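Trainee: Handing you this structure, nothing more for now.
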Amino acid sequence: MNRDFLSIVGELNLAKKLLVVGHIMPDGDDISSVLSATLGLQKLGKEVVACIDWRIPWYFYEFDETNLIKGYDEVVNSGFEPDFMLIVDASSPDRIGRFQEFLGKVTTAVVDHHGTNTLFGTLNWVDTKFGSTAQMILRINTELGVSYDERLATINLMGIATDTGFFRYSNADEIVFSDATKLVSMGGKAYLVSRIFENKRIEQFKLLSTMVEHICTENDGKIVYSYLSKKDYESNNCTEDDSGGFVGELRSIQGVELAIFFSEYEKNEVHISFRSKDWFDCSKLAVLLGGGGHPRAAGCTLKGELSVIVEQVVREAKLMFSTQLEAVKNI
Ligand code: AMP
Ligand code: MN
Ligand code: MN
């Protein structure tokens, strides 16, 4: 058994008042991991507050349990004094937003599957062999003796499903399927998970159409990118939450190796998502630009004018694409 895993389980056993913290711009794995750990620890009789310093996209409220997640101000104003902080699915301190202020003040465990993790906890269990952090939480809960019911199993399953593109991406390996099977056998319902994403507003399709109008290609169609400005979101009566999955649509285009999606979620603040199909290491490009992630899915956030950012990032992407292509050819 992994030593870091066992130390974290040991500390969680002793802890009484915990914060379970996810990352900013939360995705399905993040929300699943926060909620699965919170519900598991609560079942053991501990006082646990689920926290994310960011607005949660509306469609996750399909699961009532999402209402358990508190923002930073709410947690601080409640006067809750944690004796332990469990951070999930976050690769560096900036990824937990203002909850960074608890670092150094309270014993912290980081549980994550990003190769770009900076190991910023007191204890760190970071393992890239897992397709999702949700699988690591399943192991922690199991070791702690948490009993699973249908709700917990379904919520835990959500993280595995979402980080593997519903079992379609290259990280959907044997461990992923076996963990998913375990959760389904404990009552997890895949159709309830997919309902979160099969609940689209018509406006989201209109937003998708705007994104499609902005598609540009480079390198004979091997690189594809598109963008949505703050204005595009507003004119379609949408927010950045409504473009979840758009970068996956770009990657799905025939012949594409690298897809890039620029989302201006605030005026002059742009989140950039990178996705690749077979060989391009997106995490190297994201790290170069101050972000992080996985080889096939990574991201970063930049400040500045959207058109300038698009131009700069596409230039860097093309450079790195050529360098990595040469390296791949030489293998
Ligand atoms: P996204 O494109 O936002 O869906 O993110 C893809 C992957 O990259 C996820 O695993 C994220 O956790 C990670 N990621 C996205 N943005 C950042 C960032 N600014 N810093 C570190 N990791 C990031
Ligand atoms: Mn995540
Ligand atoms: Mn993840």
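The values are calculated or read from the model by the stated rules, or taken from the named source; none is laboratory data. In this text, all values refer to a predicted model and were calculated from it rather than measured experimentally. Glycine also receives a Cβ, built like all others from the backbone with ideal geometry; neighbour counts cover every protein chain displayed. The protein model used for the area step is the full one, side chains on, heavy atoms only, and it has no ligands, DNA or RNA in it. Shrake-Rupley method; radii C 1.70, N 1.55, O 1.52, S 1.80 Å.
Trainee: Got at least one residue in the range 48-56 being within 18 Å of Thr142 (Cβ to Cβ), modelled with pLDDT of 95 or more and either more than 21 Å from the chain's Cα centre (by Cα) or within 16 Å of ligand 2 (Cβ to nearest atom) (or both)?
Mentor: Among the residues of the range 48-56, at least one is within 18 Å of Thr142 (Cβ to Cβ), modelled with pLDDT of 95 or more and either more than 21 Å from the chain's Cα centre (by Cα) or within 16 Å of ligand 2 (Cβ to nearest atom) (or both), which makes the answer yes.
Trainee: Within the range 25-48, can you find the residues that are within 30 Å of Ser263 (Cβ to Cβ) and open to solvent by less than 30 Å² (accessible area, probe 1.4 Å)?
Mentor: Pro26, Gly28, Asp29, Asp30, Ile31, Ser32, Ser33, Val34, Leu35, Ser36, Ala37, Thr38
Trainee: Please go through the range 253-301 and pick out each residue that is in a strand (DSSP E or B), open to solvent by less than 30 Å² (accessible area, probe 1.4 Å) and of a type in the set (S, T, N, Q).
Mentor: Answer for the range 253-301, where residues must be in a strand (DSSP E or B), open to solvent by less than 30 Å² (accessible area, probe 1.4 Å) and of a type in the set (S, T, N, Q): Ser263, Ser273, Ser276.
Trainee: Still on this structure: Quick one: count up the residues across the range 172-202 that are open to solvent by less than 60 Å² (accessible area, probe 1.4 Å), in a helix (DSSP H, G or I) and either charged (D, E, K, R) or more than 23 Å from Arg151 (Cα to Cα) (or both).
Mentor: 1
Trainee: Name the single residue that is most open to solvent (accessible area, probe 1.4 Å) among those in the range 237-252 being among the charged types (D, E, K, R) and within 19 Å of Glu218 (Cβ to Cβ).
Mentor: Top of the filtered list is Glu249.
Trainee: Quickly run through the range 25-47 and pick out the residues that are near ligand 2 (Cβ under 10 Å from one of its atoms), touching a residue at least 40 places away in the same chain (Cβ under 8 Å) and either in contact with a Cys (Cβ under 7 Å, 6 or more places away or on another chain) or outside any helix (DSSP H, G or I) (or both).
Mentor: Met25, Asp27, listed by residue number.
Trainee: Suppose we filter Gly115, Gly131 for residues that are surrounded by 23 or more Cβ atoms within 10 Å (Cβ to Cβ), of a type in the set (Gly, Ala, Ser) and either touching a Ser or Thr at 6+ places or on another chain (Cβ under 7 Å) or outside any helix (DSSP H, G or I) (or both); which single one remains?
Mentor: Gly131
Table: residues versus (1) open to solvent by less than 10 Å² (accessible area, probe 1.4 Å); (2) over 27 Å from Gly292 (Cα atoms); (3) touching a Ser or Thr at 6+ places or on another chain (Cβ under 9 Å); (4) of a type outside the set (Ser, Thr, Tyr).
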| position | (1), (2), (3), (4) |
| --- | --- |
| Ile8 | yes, no, no, yes |
| Asn13 | no, yes, no, yes |
| His23 | yes, no, yes, yes |
| Ile56 | no, no, yes, yes |
| Glu81 | no, yes, no, yes |
| Ile87 | yes, no, yes, yes |
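Trainee: Also, I was wondering about something else. Run down Ser252, Ser209, Ser283 and say which single residue is modelled with pLDDT of 95 or more and either charged (D, E, K, R) or touching a strand residue (DSSP E or B) at 6+ places or on another chain (Cβ under 6 Å) (or both).
Mentor: The match here is Ser283.
Trainee: In a helix (DSSP H, G or I) and either more than 23 Å from His113 (Cα to Cα) or touching a helix residue (DSSP H, G or I) at 6+ places or on another chain (Cβ under 9 Å) (or both), is that true of Glu81?
Mentor: no
Trainee: I've got another one for you. So is Val287 over 25 Å from Gly28 (Cα atoms) and β-branched (Val, Ile, Thr) or not?
Mentor: When the stated conditions are applied, Val287 does not pass them.
Trainee: While we're looking at this one, here's another question. Regarding the range 155-169, can at least one residue be identified that is hydroxyl-bearing (Ser, Thr, Tyr), open to solvent by less than 10 Å² (accessible area, probe 1.4 Å) and under 20 Å from Asp64 (Cα atoms)?
Mentor: The answer is no; no qualifying residue exists.
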